[in-house]
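Take a look at the structure below.
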Amino acid sequence: MSEVTQKQIQEKSSEQINLRASLLLILVLLGAGLLFIYRRGAFYPYVFGLFFGYIMQRSRFCFAAAFRDIFLIRNTMLTRALLVALFLTTLGFSALHFSSHLDLAVAGRIYPVGLHTVLGGVLFGFGMTVAGACVSGSLVRMGEGNVMQYVTFLGLLCGSLLGAWHLNWIVPLTVAKATTVFLPEQLGWMPALAIQLGILVLLYLWAVRAEGTKQIFFIFQKNSAVMPYGRAAVYLALGNTLFLLFYGRPWGITTGITNIAGWAANKFGVSVHKWLYFQENYRLADTGGAFLSQPLIFLVLAMLLGSMFAGLYHHEFRWRFPRTRRYYWAALVGGICMGYGSRLAMGCNIGALLSGISSLSLHGWVFAIALFPGAYLGGKVLIRYLLTAN
Amino acid sequence: MDYKIDAIGEMCPLPIMRAEIKLLELKPYDRVILKTDHSCSSASVINHFQTKYDYPCQVQQIDEGIWEIIIEKR
């Protein structure tokens, strides 16, 4: 395409798109205002959801790639960016613990660790590789207009619901017997913090070696129109820390998704309110069993909207259809695996991995390790069935 | 020689993998011209080939949500 025609497209499109972006911005701000007045509890999840969605769209930060790219293309850029995010979020959460009213042992995402965490991690790792994005990434892609990820979302709803149902038997079997390990409780605050930060630095150096790159801090350099991964890691860590401060709990997504699924199932006459998951869900008890009042549902929606605004504003929004029908199956299967896995492990790459590890909970680390075999298997499926499907 | 890869509608990281397979076959100074509508690929493809292979890369947005990436083998 010649430069003249290209310029014409951009000039023409910029007028139309900025109108759409402005309209969306007005609606989004109106939504924030209404929540502030009528449902204050959901205001912060909504505002931070917009921020996370915007940053992830602008930077293309991807938690799935942090694991699968090691196997598939021997690239560790996003692995290193994730390690930076973990390092800074750990510092942020600990700083809040010592300088605010928050007690990380209570407010953090600290859950029992056991076989369910491992199984959940493997399933989740497989699902995110096959579906091409994890839960957070899928929401951001949905905002940009990727049709495939709407199918992933459907899979997530089904998988979460199935997982929440099975927890009725899985909880007495393993979860109830499993121990909850909050590292500062076992090791003391300073040793726990020093060991965790030390391990993260060592992993960064390992990732540099594994890739064989000489550009150790390339992830912080601006290379194109896109925000560098390293800078996004800083913003996400800052956002998660402020979210913990204002909302009282760290960033999490799948609780919101499971509650959407519970609401839908309830509409179809399934008595989900009798399930252990929905009974034990600490937020649901406060809101009298109304599924849609779970504040994290607003975070889910806001991440999509934040990404959509970023896409429209920067002329990157487009309805994108998958190349072959196989992608829809990959999205559905991947979504179900991730939904189910996140119920077993009690969180996704955000709730269990980023917020779990940063809360110095052992379950986050076990989940992270379990993601590797899952991502490896998913990579095999990707090469066998999807790379050749053109 | 220029080789075109049409990766419209392909999910991540398949565009990178296809470009990598092609570039390994090519001779120095041959170029791969990859067209993608995946926003992640528009960043990750050039990151990958610049840092790992030291191949010069260029990315240009040619339409709303569509990018053309030129990678030159060295």
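Observations on the model:
- Of the helices (runs of 4 or more DSSP H) entirely within the stretch A:180-290, those holding at least 2 residues that are over 16 Å from residue A:93 (Cα atoms) and out of contact with any helix residue (DSSP H, G or I) (no Cβ under 9 Å at 6 or more places or on another chain) occupy A:189-211.
- The set of residues in the stretch B:17-37 being open to solvent by 20 Å² or more (accessible area, probe 1.4 Å) and assigned to a helix (DSSP H, G or I) consists of B:18, B:20, B:21, B:22, B:24, B:25.
- Hits in the stretch A:212-236 - residues which are of a type outside the set (A, V, I, L, M) and in contact with a Gly (Cβ under 9 Å, 6 or more places away or on another chain): A:217, A:218, A:220, A:221
- In this structure, residue A:161 does not satisfy being away from chain B (no Cβ under 14 Å) and under 16 Å from the mean Cα position of the chain (by Cα).
- Any chance residue B:8 is among the aliphatic types (A, V, I, L, M), under 27 Å from residue A:130 (Cα atoms), at the interface with chain A (Cβ under 10 Å from one of its Cβ atoms) and in contact with a Cys (Cβ under 8 Å, 6 or more places away or on another chain): no
- Per the conditions (1) part of a helix (DSSP H, G or I); (2) at pLDDT below 95; (3) at the interface with another protein chain (Cβ under 10 Å from one of its Cβ atoms); (4) touching a helix residue (DSSP H, G or I) at 6+ places or on another chain (Cβ under 8 Å), the sole criterion not satisfied by residue A:74 is (1).
- Residue A:229 under 28 Å from residue A:47 (Cβ atoms) and hydroxyl-bearing (Ser, Thr, Tyr): yes
- Failed criterion for residue A:62 (all others in (1) under 26 Å from residue A:310 (Cβ atoms); (2) more than 14 Å from chain B (Cβ to nearest Cβ); (3) outside any helix (DSSP H, G or I); (4) not acidic (Asp, Glu) hold): (2)
- Test for residue B:46: is it at the interface with chain A (Cβ under 10 Å from one of its Cβ atoms), more than 21 Å from residue A:130 (Cβ to Cβ) and open to solvent by less than 20 Å² (accessible area, probe 1.4 Å): yes
- Candidates A:122, A:151, filtered to the one that is touching a Pro at 6+ places or on another chain (Cβ under 9 Å), within 30 Å of residue A:20 (Cβ to Cβ) and open to solvent by 20 Å² or more (accessible area, probe 1.4 Å): A:151
- Hey, residue B:66 among the aliphatic types (A, V, I, L, M), under 20 Å from residue A:224 (Cα atoms) and buried (at least 21 other Cβ atoms within 10 Å of the Cβ) or not: no
- Within the option set A:202, A:276, being touching a residue at least 12 places away in the same chain (Cβ under 8 Å), open to solvent by 10 Å² or more (accessible area, probe 1.4 Å) and of a type in the set (A, V, I, L, M) holds for one residue only, A:276.
The values are calculated or read from the model by the stated rules, or taken from the named source; none is laboratory data. Since this is a predicted model, take the numbers as computed values, not measurements. Every residue, glycine among them, receives a Cβ derived from its backbone with ideal geometry; neighbour counts consider all protein chains shown. Protein only, heavy atoms only, side chains kept; ligands, DNA and RNA dropped before computing areas. Shrake-Rupley method; radii C 1.70, N 1.55, O 1.52, S 1.80 Å.
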